[in-house]
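Following: one structure in structure tokens, then a few remarks.
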Amino acid sequence: MSGADEAEALFEDFYPRLAGWCRGLVESDAAAHDIASEAFTRLWSRWSSVERPEAYLFGVAANLVKDHWRGRDRERRATRHLSAAAKEHSPAADDGFDVRSLVEDLPDRLRAPVLLYYYAGLPVNEIATALRRRPGTVKSDLHRARQRLRIALRGLHDTTT
């Protein structure tokens, strides 16, 4: 059997098991399939040097699941932080608002620094480097984004009361 045939047979036999295992660890079918697919993609790039493909796939998938959990934790912390900052200036804001959707509605120029600062946990200097902006510009963009979020939260509160 050729290497390509072996790889195809492994995928057909093992993908459902790996995706099912991932599904037990993450909260969505889509995330589980993304993780399993990424594990196979990484295996293909090292196919000739991997002695035990199943073990390799589980190892890669386990690391990807941990990354997924870390991302979810960062998102929760960012949401709490943004919510607290917004409520500080709008104490009557409703607890049920969706900060994530408000962040998604920000203009690209403001959304990127917010995602990198609050969701990825990067410091201002690293964000400035990544976005090719000056640190002062990033701080200004973050300030303007927070202002827009406050206004949006006030608008949400005004429509629900």
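Looking only at the range 17-74, which residues are touching a Cys at 6+ places or on another chain (Cβ under 6 Å) and of a type in the set (S, T, N, Q)?
Scanning the range 17-74 gives no hits.
What pairs can you find where one residue is in the range 56-73 and in the same structural domain as residue 29 (by TED's automatic domain parsing) and more than 14 Å from residue 32 (Cβ to Cβ), the other is surrounded by 13 or more Cβ atoms within 10 Å (Cβ to Cβ) and among the β-branched types (Val, Ile, Thr), and their Cβ atoms are less than 8 Å apart, with a gap of 6+ or different chains?
56/50
Can you tell me which residue is modelled with the lowest pLDDT among those in the range 101-130 that are loosely packed, with under 14 Cβ neighbours inside 10 Å and within 16 Å of residue 150 (Cβ to Cβ)?
It comes out as 101.
List the residue pairs whose Cβ atoms are under 6 Å apart, where the first residue sits in the range 6-20 and is at pLDDT 90 or above, the second is of a type in the set (Asp, Glu) and not in a helix (DSSP H, G or I), and the two are 6 or more positions apart or on different chains.
none
Looking only at the range 72-80, decide whether some residue is surrounded by 13 or more Cβ atoms within 10 Å (Cβ to Cβ) and at pLDDT 75 or above.
No: zero hits.
If a residue must be within 12 Å of residue 7 (Cβ to Cβ) and surrounded by 18 or more Cβ atoms within 10 Å (Cβ to Cβ), how many such residues does the range 26-52 contain?
Applying the first criterion (within 12 Å of residue 7 (Cβ to Cβ)) to the range 26-52 yields 40-41, 43-48, 50.
Next cut, surrounded by 18 or more Cβ atoms within 10 Å (Cβ to Cβ) only: 40, 43.
The qualifying residues number 2.
Of everything in the range 13-42, what is charged (D, E, K, R) and part of a helix (DSSP H, G or I)? Give them in sequence order.
Residues satisfying the conditions are 13, 17, 23, 29, 34, 38, 42.
The values are calculated or read from the model by the stated rules, or taken from the named source; none is laboratory data. All values derive from a computational prediction rather than experimental measurement. Glycine gets a Cβ as well: all are built from the backbone with ideal geometry, and neighbour counts include every protein chain shown.
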